[in-house]
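Any read-out appearing in this document is the output of simple, stated calculations on the displayed coordinates, not a laboratory observation. None of these values were measured; they are calculated from a predicted model. Glycine also receives a Cβ, built like all others from the backbone with ideal geometry; neighbour counts cover every protein chain displayed.
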Amino acid sequence: MKRVSIGTISLAGLHASGKTDINSAADVAEALKPIAGNFAFALFSLGIVGTGLLSIPVLAGSAAYAFNETQDWKAGLDHKPWEAVGFYGVIAAATTFGLTLEFVPLDPVKALFWSAVINGFVAVPIMVAVMMIVSSKKHMKEFTAPMSMRIFGWGATAVMGVAAVAMLVV
């Protein structure tokens with residue numbers, strides 16, 4: 001028996017029923033009906049809420065750490081808010097920015113799609129830069145990536161590059 005992911009089944013279910021343009025989260029939840037039956041909407045809702053609860057603190061925290069690295073401010077969740085005002089300020093600003101997106105008339109399904117497309121193109125030069133750095137004895141010294149890791153890393157970078165070009169061609 002061939003194994004496929006739930007996402008593949010969902011998209012195949014939508015396509016088989018004649019739905020080729022997904023315009024809302026309800027359309028995506030509808031695709032889960034062949035698997036989850038009457039619980040499809042509850043399953044999809046729990047997945048969306050769970051994803052949000054996991055991603056909001058991670059994204060806001062990583063933005064705060066990245067920004068604070070450029071400013072050389074005191075940063076870290078081990079500090080009290082009054083000890084690392086800039087760090088916690090960035091967390092608050094990032095969370096507030098994410099919350100305001102709820103009130104922007106933007107189709108979340110299309111936004112998710114286009115952010116994935118943009119990520120596919122942006123990932124390639126970032127992966128090239130990372131591979132160049134981890135391969136450099138000058139920069140990494142004794143922490144240079146071993147040959148096997150570099151082979152897999154450059155292979156993954158090549159696959160991403162081919163996928164990005166294929167997306168443009170197809």
Inset, instruction - Springs between alpha-carbon atoms under 10 Å, Gaussian network over the chain: tell me which of D107, D27, D78 tops the mean-square fluctuations. - result: D78
Legend entry - Sequence ranges 40-53, 136-149, ranked by mean other-Cβ count within 10 angstrom, highest first: 40-53, 136-149
Inset, instruction - Would you mind telling me which residue in V28, V117, V128 has the biggest mean-square fluctuation in a Gaussian network model of the chain, where springs connect alpha carbons within a distance under 10 angstrom? - result: V128
Inset, instruction - For the chain, count the residues as N, evaluate 2.2 N^0.38 Å, and divide the Cα radius of gyration by that value, please. - result: 1.35
Inset, instruction - Could you sort 85-96, 155-166 so that the peptide with the highest average Cβ count within 10 Å comes first and the rest follow in order? - result: 85-96, 155-166
